[in-house]
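Below are the structure tokens for one structure; questions will follow.
The values are calculated or read from the model by the stated rules, or taken from the named source; none is laboratory data. These numbers come from a predicted model, not from an experiment. Positions of Cβ are generated from backbone atoms using ideal geometry, with glycine treated the same way; all protein chains shown enter the neighbour counts.
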Amino acid sequence: MTDIEIPSEQWAQVVEKSGGPVVYKKIPVKKPSPDEVLINVKYSGVCHTDLHAMMGDWPLPTKLPLVGGHEGAGVVVAKGELVKDVEIGDHAGLKWLNGSCLACSFCMQADEPLCPHALLSGYTVDGSFQQYAIAKAAHVARIPKECDLDAVAPVLCAGITVYKSLKESGARPGQHVAIVGAGGGLGSMAIQYARAMGLRVIGIDGGEEKGQSCKSLGAEVYVDFTSSADIVRDVKAATPDGLGPHAVLLLAVSEKPFQQATEYIRSRGTVVCIGLPAGAYLKAPVFDTVVRMISIKGSYVGNRQDTQEALDFFKRGMIKVPYKTVGLSELQDVYKLMQKGKIVGRYVVDTSR
Ligand SMILES: [Zn+2]
Ligand SMILES: [Zn+2]
């Protein structure tokens, strides 16, 4: 094998100040530390979190200047001397959890997203909106060679996140899961993972276009909040006994659906929060929560095993991600569409243009 040539400079989209915009410019290529790999990122998905990172509207501060992005799929081109199980030329993914300590009580129990020393790609460390990105070898996603790097990119955050949340919901094959925000990037994948896991899907979102997208991906019922006179009634009516879904995934980026979910969840059901509307609070009637034994919980990305499982569903052809590819140079335009709520499916940036 001939040596892979690594340039000293590369193109990147850089957040220079909180609030943005991103600046498309050349920056140096870094060298991996002993436990790290350098990934030549070919494609990166664009996630809502990247917009929050640029705007700086979450309670957790980002590094600055910052290269965002945490759905980077590419090829390993260099590695530190301690890295034994990843080879040069392997396909690998940079995900939200860039690294963790591997020694705390959370890491030891495979809850590494909860590690107090976690490194977050495109947030506390530079991410995938550049041509060459650094990641801790222990945490890079091992991408099977048969997966196209553009199509697989959105699995690295959206896929892992929704797959994990379905596991956390406890819903079993044949049961109903309502997905709020089913027409967005996370939602379109959640529908397919749910179907692949044997669950029946009620998609909730706004507008005709999103409805068609949900139905085509496998939602049995679509509830349109822009035209429904009574969302709670409609969601309950979508289950055969009228008692509501066994689980609700909240992928919405506004607060209101978070208040509503406990009204249509089935007794003994689980409401799982995944989306992160800025500054939002959860509110639920204590009486109902108690006498109907409702569980309300959060689900946050996934561990290394969840990552490989989510990729395996994709490899087996069970997850088709609707995506549109644009150049890395056009990232700011993607953010503009995102701010208007105009995105159906996922945007993937090609780092070569
Ligand atoms: Zn993400
Ligand atoms: Zn840890």
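Of the conditions (1) in contact with a strand residue (DSSP E or B) (Cβ under 8 Å, 6 or more places away or on another chain); (2) free of Cβ contacts under 8 Å to residues at least 60 places away in the same chain; (3) surrounded by fewer than 24 Cβ atoms within 10 Å (Cβ to Cβ), Ile191 clears all except one; give me its number.
Ile191 satisfies all of (1) in contact with a strand residue (DSSP E or B) (Cβ under 8 Å, 6 or more places away or on another chain); (2) free of Cβ contacts under 8 Å to residues at least 60 places away in the same chain; (3) surrounded by fewer than 24 Cβ atoms within 10 Å (Cβ to Cβ) except (3).
Right, next: Regarding the range 80-90, can at least one residue be identified that is in the same structural domain as Ala133 (by TED's automatic domain parsing), touching a residue at least 60 places away in the same chain (Cβ under 8 Å) and surrounded by 17 or more Cβ atoms within 10 Å (Cβ to Cβ)?
Scanning the range 80-90 turns up no residue that is in the same structural domain as Ala133 (by TED's automatic domain parsing), touching a residue at least 60 places away in the same chain (Cβ under 8 Å) and surrounded by 17 or more Cβ atoms within 10 Å (Cβ to Cβ).
With (1) more than 16 Å from ligand 1 (Cβ to nearest atom); (2) under 24 Å from the mean Cα position of the chain (by Cα); (3) small (Gly, Ala, Ser) as the list, and Ala238 as the residue in question, which single condition is left unmet?
Every condition holds for Ala238 apart from (2).
Specify which of the listed residues (Gly187, Gly207, Gly181) is touching a Cys at 6+ places or on another chain (Cβ under 8 Å), under 25 Å from Leu51 (Cα atoms) and not assigned by TED's automatic domain parsing to the domain that holds Gly45.
Gly187
Taking the conditions exactly as written (within 30 Å of Lys63 (Cβ to Cβ), modelled with pLDDT of 95 or more, surrounded by fewer than 18 Cβ atoms within 10 Å (Cβ to Cβ) and polar (S, T, N, Q)), does Thr161 satisfy them or not?
no
Would you mention how many residues in the range 85-104 are in a loop (DSSP other than H, G, I, E, B) and either within 16 Å of ligand 1 (Cβ to nearest atom) or closer than 25 Å to Val75 by Cβ (or both)?
Of the residues in the range 85-104, 10 are in a loop (DSSP other than H, G, I, E, B) and either within 16 Å of ligand 1 (Cβ to nearest atom) or closer than 25 Å to Val75 by Cβ (or both).
Pull up the range 194-216, narrow it to residues that are touching a strand residue (DSSP E or B) at 6+ places or on another chain (Cβ under 8 Å) and hydrophobic (A, V, I, L, M, F, W, C), then point me to the one that is surrounded by the fewest Cβ atoms within 10 Å (Cβ to Cβ).
So the residue we want is Leu199.
Can you confirm whether Ser228 is polar (S, T, N, Q), surrounded by 14 or more Cβ atoms within 10 Å (Cβ to Cβ), assigned to a loop (DSSP other than H, G, I, E, B) and outside the structural domain of Leu60 (by TED's automatic domain parsing)?
Taking the combined requirement at face value, the residue satisfies it.
Under 7 Å between Cβ atoms, which residue pairs at least 6 apart in sequence (or on different chains) link something in the range 1-12 that is closer than 14 Å to Leu38 by Cα with a partner that is modelled with pLDDT of 95 or more and not in a strand (DSSP E or B)?
Filtered contacts from the range 1-12: Ile4/Ile88; Ile6/Val29; Pro7/Val29; Ser8/Val29; Glu9/Val29; Gln10/Val29; Gln10/Gln131.
Consider Lys79 carefully, then state whether it is out of contact with any Asp or Glu (no Cβ under 8 Å at 6 or more places or on another chain), away from ligand 1 (no atom under 15 Å from the Cβ), of a type in the set (Lys, Arg) and modelled with pLDDT of 95 or more.
Here the answer is no, as Lys79 does not meet what is asked.
Something else: Pick out the one residue from Lys342, Lys297 that is closer than 20 Å to Gly187 by Cβ, without any contact (Cβ under 8 Å) to a residue 60 or more places away in the chain and loosely packed, with under 13 Cβ neighbours inside 10 Å.
The conditions single out Lys342.
Moving on. Can you find a residue in the range 155-169 that is under 26 Å from Val22 (Cβ atoms) and assigned to a loop (DSSP other than H, G, I, E, B)?
yes
I want to confirm something. Restricting to the range 105-139 and keeping residues that are within 16 Å of ligand 1 (Cβ to nearest atom) and part of a loop (DSSP other than H, G, I, E, B), which single residue is surrounded by the fewest Cβ atoms within 10 Å (Cβ to Cβ)?
The selected residue is Thr124.
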